[in-house]
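Engineer: Below you'll find the structure I mean.
Derivation of every value follows stated rules applied to the coordinates shown; laboratory data play no part. If you're wondering where the values come from, they're calculated on a predicted model, not measured in any experiment. In this analysis, Cβ positions are derived from the backbone assuming ideal geometry, glycine residues included, and neighbour counts consider all displayed protein chains.
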Amino acid sequence: MTEQLPTTPSQTVGPYLHIGLDWDRYGRFVVPEGTAGSFRIHGEVFDGAGQRIPDALIETWQADPDGRFDHPDDPRGRVPGFRGFGRSDTRLGEYSLHTVHPGVVPGPRGAQAPHLDVSVFARGMLHRVVTRLYFPENEAANAADPVLSSVPVHRRSTLIATAEPGGYRFDVHLQGDGETVFFDV
Amino acid sequence: MSDHPNTGNGPAVAGYRPDPPETHPPLDFPGYKSTALRHPKQPLLLLPQTLTEITGPVLGGDLVRPDDHDLTFRHRDDPIGQKIIVFGRLLDSDGRPIPDSLIEIWQANAAGRYRHIGDRWDAPLDPNFDGVGRTITDKQGRYEFVTIQPGAYPWGNHHNAWRPAHIHFSVFGRAFPQRLVTQMYFPGDPLFFQDPIFNSVPEAARPRLISRFSLERTKPNWALAYEFDIVLRGRDATPFEEPHHD
């Protein structure tokens, strides 16, 4: 095995992340406004005292409605024009993203239910944490999903968004009652 | 590879190696008080890398304008402070350059103040400095910013607490597991010893956060220069196989 370069450590985004990571409205639109079938995902990020965090940042990454990615490493070929990435801070109390349903994504342990990968950054977090968002209406697919199935039953609900008019709600609890399941990726 | 996405059999994909232990700070670090209520208490669950993880956003285009890498350029007058060139390469741990990756930076001004509504530090704002820059790595993974030396500033973490001068870096790499936000520091800073954010990093890894003064890249009568390479996780040598289901 050849010698490997040591990787660079993570550091907190600090309280002023909005200076560098603010894309204004652009970041919130995974798909352009008015895209057929698009909806809103929003939610709050809570600390261990149950307080809403106003200096957090949410990033999402997802497949297109056919389960494909606009990325050179997708062996099925790129899907040009589907950015798949969303970013929103919580300055206004909650984050908000505008997207479409991702399709089924293949995985080494079987088909994966539609999902978003989610990164959470904030002051007071020395490293991002990673979670996944699943959709409540996909009951059969969620039950068969290899990642969701690996989560203890009583904690699975923390990974499933709540349907509401116009979209979904997905809150993140960094700690405490109902702590969100976070993954080591 | 030819399996239909909905059959449940995934294509063979090479994932990204875990970072070695003693690379990153812990999420719970009592010296940095704000971690207390903001670290998960349950253990992280292992997320097997699938297509969602071995891919990641390919960003650029209309997000970055040609002069966004020069933080000294966009106002009528020069900002206050010592001009510096910050440059380096974005690599993976196998030494491969990572091209076409968005790098975002943000920082305080020369007096140690951020242009942010939340920053109440009693130091002057600079009308000619916003403190934000963006660029895309080139084919060899190289990047360069022109900015000014940021100042140190006090904060409320502990008695007489000061942040060493630093620049925040945000990089994407090629895939979701490579996403990294870090901070670049300057060599010989006398404030390192008392800073819990810098010292949250395991001791052997701290030098990787410190830039290197580069005489060869200084510009006479104009700017000092600092080199800062960023290394992200490398790929597994071989694609993982489809495991058998019980």
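Engineer: Pairs of alpha-carbon atoms within less than 8 angstrom and 6+ residues apart define the contacts here; what relative contact order does chain B have, in percent?
Structural biologist: Reported relative contact order: 27 percent.
Engineer: Through the Karplus equation 6.51 cos²θ - 1.76 cosθ + 1.60, θ set to phi - 60°, convert the phi angles of the range B:175-183 into ³J(HN,Hα) values in whole Hz; use x for Gly and Pro.
Structural biologist: Here the 3J(HN,Hα) series is 8, 3, x, 8, 4, 8, 10, 9, 10 Hz.
Engineer: Within 10 Å of each Cβ of A:125-136, how many other protein chain Cβ atoms are there on average?
Structural biologist: Taking the mean over all residues of the peptide, I get 5.
Engineer: Which value results for Rg/Rh of the protein assembly as shown when Rg is the Cα radius of gyration and Rh the Kirkwood radius based on the inverse mean 1/r?
Structural biologist: With Rg and the Kirkwood Rh in hand, the quotient comes to 0.96.
Engineer: Also, quick follow-up: Please identify, among A:Pro106, A:Pro146, A:Pro165, the residue showing maximal mean-square fluctuation in a Gaussian network model of chain A using a 10 angstrom Cα cutoff.
Structural biologist: In the Gaussian network model the winner is A:Pro165.
Engineer: At 222 nm, what value in deg cm²/dmol follows for chain B if DSSP H runs of at least 4 each add -39500 (n - 2.57) and the sum is divided by all its residues, to the nearest 500?
Structural biologist: Calculated mean residue ellipticity at 222 nm is -500 deg cm²/dmol.
Engineer: In peptide B:226-237, how many Cβ atoms from other protein chains are near each Cβ within 10 Å, on average?
Structural biologist: Per residue, the average neighbour count from other chains is 2.
Engineer: Percent of Cα-Cα pairs more than 17 Å apart in the range A:72-167, please.
Structural biologist: Percent of Cα pairs beyond 17 Å in the range A:72-167: 60.
Engineer: Sticking with this structure for a sec: If you rank A:Leu148, A:Leu133 by fewest surrounding Cβ atoms within 10 Å, what's the result?
Structural biologist: Taking fewest neighbouring Cβ atoms as first place, the list is A:Leu148, A:Leu133.
Engineer: OK, next. Would you order B:Asp19, A:Asp24, B:Asp78, B:Asp130 from fewest to most other beta-carbon atoms within 10 Å of each residue's own beta-carbon?
Structural biologist: With the fewest neighbours first, B:Asp19, A:Asp24, B:Asp78, B:Asp130 line up as A:Asp24, B:Asp78, B:Asp130, B:Asp19.
Engineer: If you place +1 on the Cβ of every Lys and Arg and -1 on the Cβ of every Asp and Glu, how big does the dipole about the Cα centre of chain A come out, in debye to the nearest 20?
Structural biologist: Computed about the Cα centre, the dipole is about 100 debye.
Engineer: Take every Cα pair under 8 Å in chain A that's 6+ residues apart, average their separations, divide by the length, and report that relative contact order as a whole percent.
Structural biologist: After rounding, I find 26 percent.
Engineer: Restricting to DSSP H runs of at least four residues, report the calculated mean residue ellipticity at 222 nm for chain A, -39500 (n - 2.57) per run over all residues, nearest 500 deg cm²/dmol.
Structural biologist: That calculation yields -1500 deg cm²/dmol at 222 nm.
Engineer: Please figure out what share of the DSSP beta bridges in chain B is antiparallel and state it in percent, rounded to the nearest 5.
Structural biologist: For chain B, the DSSP antiparallel bridge percentage is about 80.
Engineer: Give the calculated FRET efficiency between B:Trp162 and A:Thr35 to the nearest 0.05, with a Förster radius of 45 Å applied to their Cβ-Cβ distance.
Structural biologist: 0.40
Engineer: Let me ask another. May I ask you to derive the FRET efficiency for B:Phe213 and B:Phe73 from their Cβ-Cβ distance with R0 = 22 Å, giving the value to the nearest 0.05?
Structural biologist: 0.45
Engineer: Same structure again: Given contacts defined as C-alpha pairs under 8 Å and at least six residues apart, what's the relative contact order of the range A:110-185, whole-number percent?
Structural biologist: For the range A:110-185, the relative contact order is 30 percent.
Engineer: Quick one: order B:Lys139, B:Lys41, B:Lys33 by neighbouring beta-carbon count within 10 Å, fewest to most.
Structural biologist: Going from sparsest to densest Cβ surroundings: B:Lys139, B:Lys41, B:Lys33.
Engineer: Within 10 Å of each Cβ of A:160-173, how many other protein chain Cβ atoms are there on average?
Structural biologist: Partner Cβ neighbours, averaged per residue: 0.
Engineer: Now a separate question. Ordered by packing density, taken as the mean number of other Cβ atoms within 10 Å over each peptide's residues, highest first, how do A:91-100, B:103-112, A:150-159 rank?
Structural biologist: Result, highest mean first: B:103-112, A:91-100, A:150-159.
Engineer: Treating only the Cβ of Lys, Arg, Asp and Glu as charged (+1, +1, -1, -1), what charge dipole size does the protein assembly as shown show about its Cα centre? Round to the nearest 20 debye.
Structural biologist: Dipole magnitude for the protein assembly as shown comes out near 660 debye.
Engineer: To continue, here is another question. Which of these, A:Ala122, A:Ala63, A:Ala141, has the largest mean-square fluctuation under a Gaussian network model of chain A (Cα springs below 10 Å)?
Structural biologist: The residue with the greatest mean-square fluctuation here is A:Ala141.
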